[in-house]
Amino acid sequence: MRKIETQELTGNSGKNYAMNVYPADMRFNDFIPGVFVLMSGEGTLFIGDSDNVDFYLQKNKVFDTLKDEGFERIGFIKNGSPAVRADIMDDIKPVLSPSKSEL
């Protein structure tokens, strides 16, 4: 994986999350679960989670859908538990304020 950087996110609860950041055209290995943050130079576009992040991004044609909005980076927090991923998303959404609630 071509990681650009690691960012430390602080959720609404004060909890910190290490998020690896990749270019928008990144292809993840199959069946890698986690929370993903789709970003432009202006901010957060969308936050989601999946048991298979690459499949989700490809199925939803994320690059094509968001290219006009400056989509350039994918943040990723690896986690296999759907319940924990939901907690992470609930904690970071108020802080990152994504511009889209669905794709």
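Points worth noting:
- For the chain: accessible area per residue (Å², 1.4 Å): 55
- A Cα-only calculation for the chain places Rg and Dmax at 12.4, 34 Å.
- Basic side chains Lys and Arg get +1 at the Cβ, acidic Asp and Glu get -1 at the Cβ, and with that the dipole of the chain about its Cα centre reaches some 160 debye.
- In the structure shown, the pairs Lys3/Lys67; Lys15/Lys78; Lys3/Lys100; Lys15/Lys61; Lys61/Lys100 are assessed against 22 Å; a Cα-Cα span above that value is assigned to Lys3/Lys100; Lys15/Lys61.
- Applying both filters, DSSP loop and at most 16 other Cβ atoms within 10 Å, to the GluC sites (Glu not before Pro) of region 1-87 gives Glu42.
- Cα-based radius of gyration of region 50-103 once divided by 2.2 N^0.38 Å, which approximates compact folds: 1.20
- The alpha-carbon of Lys59 sits under 16 angstrom from the alpha-carbons of these aspartates and glutamates, leaving out residues fewer than 8 places away in its chain: Asp25, Asp30, Asp49, Asp51, Glu102.
- Estimated distance in nm for a label pair at Tyr56 and Glu5, the labels positioned 7 Å out from Cα along Cα-to-Cβ: 2.4
- Within the chain, longest stretch clear of exposed trypsin sites (Lys or Arg not before Pro) (DSSP loop, no more than 14 other Cβ within 10 Å): 62-99
- Per-atom-type breakdown for the chain gives carbon and sulfur 46% of the accessible area (1.4 Å probe, protein chains only).
The values are calculated or read from the model by the stated rules, or taken from the named source; none is laboratory data. This one's a predicted model, so the numbers in the text were calculated from it and none came from an experiment. Using ideal geometry, Cβ is built from the backbone for each residue, glycine included, and neighbour counts are taken over all protein chains shown. What goes into the accessible areas is simple: the full protein's heavy atoms, side chains included, and nothing from ligands, DNA or RNA. Shrake-Rupley method; radii C 1.70, N 1.55, O 1.52, S 1.80 Å.
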